[in-house]
Amino acid sequence: MNRLFILFSLAILTISCKNEYQPRNIDKVTIQEFKIDSTSIRAIQFLDENTLYYAGSKGDIGFTTDAGKTWKTIHINYNESIQPHFRSIASNGTDIFALSVGNPALLYKVSEGKETLVYKEEHEKVFYDSMKFFADGKHGIAVGDPTENCASIILTSDSGKTWSKIPCDKLPVFEDGEAFFAASNTNIKIIGNTVWIASGGKKSRILKSENKGQTWEIFDTPIIQGNGPQGMYSIDFTDKQTGIAIGGDYSKPTENKANKAVTKDGGKTWTLIADEQDPNYKSCVQYVPNTNGKEIFAVGKTGVSFSNDAGQTWTEVSKDAYYTIQFVNANTAWLSGNNKIGKLIIPKMK
């Protein structure tokens with residue numbers, strides 16, 4: 001009886017080992033580049049492998065529906081003197097939304113090629129950084145720098161038709177000089193009803209809500225912080241417990257101290273990884289889908305880096321400068337940068 005149990009256990013262990021995901025060894029990647037003239041692109045949103053939208057710095061919302069063979073652009077002018085500088089883009093599954101930085105903050109809905117202004121905020125300190133929709137397509141969230149003593153967070157529950165700002169008495173108090181970075185549209189992450197937001201500057205902390213933004217908690221991180229360009233620039237989660245944050249000091253992009261951290265308890269506590277090892281400053285980090293949280297890409301003006309051990313060690317796989325990366329699947333990703341869009345194809349394992 002005991003022998004049969006041991007043999008059965010060994011068989012289960014063998015099957016389990018065979019089914020465990022084996023991460024890929026990638027030491028170099030090739031990125032197909034598409035020139036997009038006269039615009040800085042820090043926000044992208046894919047709909048499928050062939051369809052990508054981007055939001056640019058010159059009031060432009062561009063898109064391709066044929067995997068980059070052709071591109072079309074919608075140009076938006078608020079008035080004769082204001083052309084929106086977009087840093088955020090999101091989709092509710094039907095429509096595209098683009099949000100500008102600066103005063104006034106302008107949020108447009110694009111549907112069937114026509115744009116509609118659905119939210120405007122005027123304040124000398126207004127500066128919106130990132131925007132996402134929940135999976136239901138009805139609820140959405142955008143985050144911006146404080147205009148008072150809390151984060152600027154706006155919510156929608158009607159698929160983006162209307163948006164409202166959360167009052168400061170419903171949010172954690174921010175320290176003076178704590179804000180966000182509009183670097184890659186990835187300082188927000190959503191899984192289910194849970195949303196995380198990463199701050200930087202004077203403090204680098206994680207805001208977390210488990211009910212689509214109705215109530216909030218805030219947690220400290222060991223990421224570099226203390227002045228304007230320091231902090232978390234990007235976060236991602238592979239499940240509700242396991243996440244990664246990356247950033248650094250934008251003004252000192254070659255430094256790599258305290259700029260990468262992971263959490264295993266849903267964002268409550270964070271541990272530095274690969275400290276004082278590359279990669280250095282990065283503006284975006286993303287888990288590769290369906291790799292059990294082992295494969296990760298990080299991009300920035302200092303190049304593209306890859307990890308196959310959940311961020312413990314990294315390899316530089318390209319020196320190309322990009323602001324953000326978004327995976328369609330485990331083998332395909334879109335990237336964006338200054339005057340360019342990139343498409344990364346990773347060969348499938350044989």
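The values are calculated or read from the model by the stated rules, or taken from the named source; none is laboratory data. From a predicted model like this one, the values you see are computed outputs, not experimental measurements. When we count neighbours, we look across all protein chains shown, and the Cβ atoms used for this are built from the backbone with ideal geometry, even at glycine.
Here are a few things to note about the model shown:
- Condition met for I76 (surrounded by 14 or more Cβ atoms within 10 Å (Cβ to Cβ), within 20 Å of Y233 (Cβ to Cβ) and touching a residue at least 12 places away in the same chain (Cβ under 8 Å)): no
- For segment 298-349, the set of residues classified as in a strand (DSSP E or B) and at pLDDT below 95 consists of I345 only.
- Every residue from segment 121-151 that is more than 27 Å from I191 (Cβ to Cβ) and either in contact (Cβ under 8 Å) with a residue 40 or more places away in the chain or touching a strand residue (DSSP E or B) at 6+ places or on another chain (Cβ under 6 Å) (or both): E121, V126
- Filter result for the condition that a residue is of a type in the set (D, E, K, R) and in a loop (DSSP other than H, G, I, E, B), over D169, D158: D158
- Single condition A55 does not satisfy, out of (1) surrounded by fewer than 19 Cβ atoms within 10 Å (Cβ to Cβ); (2) within 15 Å of the chain's Cα centre (by Cα); (3) among the small types (G, A, S): (1)
- Test: P84 is surrounded by fewer than 16 Cβ atoms within 10 Å (Cβ to Cβ) and at pLDDT 95 or above: no
- When K212 is tested against (1) buried (at least 24 other Cβ atoms within 10 Å of the Cβ); (2) in contact (Cβ under 8 Å) with a residue 60 or more places away in the chain, exactly one condition is not met: (1).
- Residue in segment 92-111 that is within 21 Å of I197 (Cβ to Cβ), among the aliphatic types (A, V, I, L, M) and not in a strand (DSSP E or B) present: yes
- Enumeration of residues in segment 36-81 that are part of a loop (DSSP other than H, G, I, E, B), charged (D, E, K, R) and at pLDDT below 95: D48, E49, E80
- Search result, residues across segment 112-149 that are within 17 Å of G213 (Cα to Cα), in a loop (DSSP other than H, G, I, E, B) and either of a type outside the set (G, A, S) or under 16 Å from the mean Cα position of the chain (by Cα) (or both): F134, A135, D136, K138, H139, D145, P146
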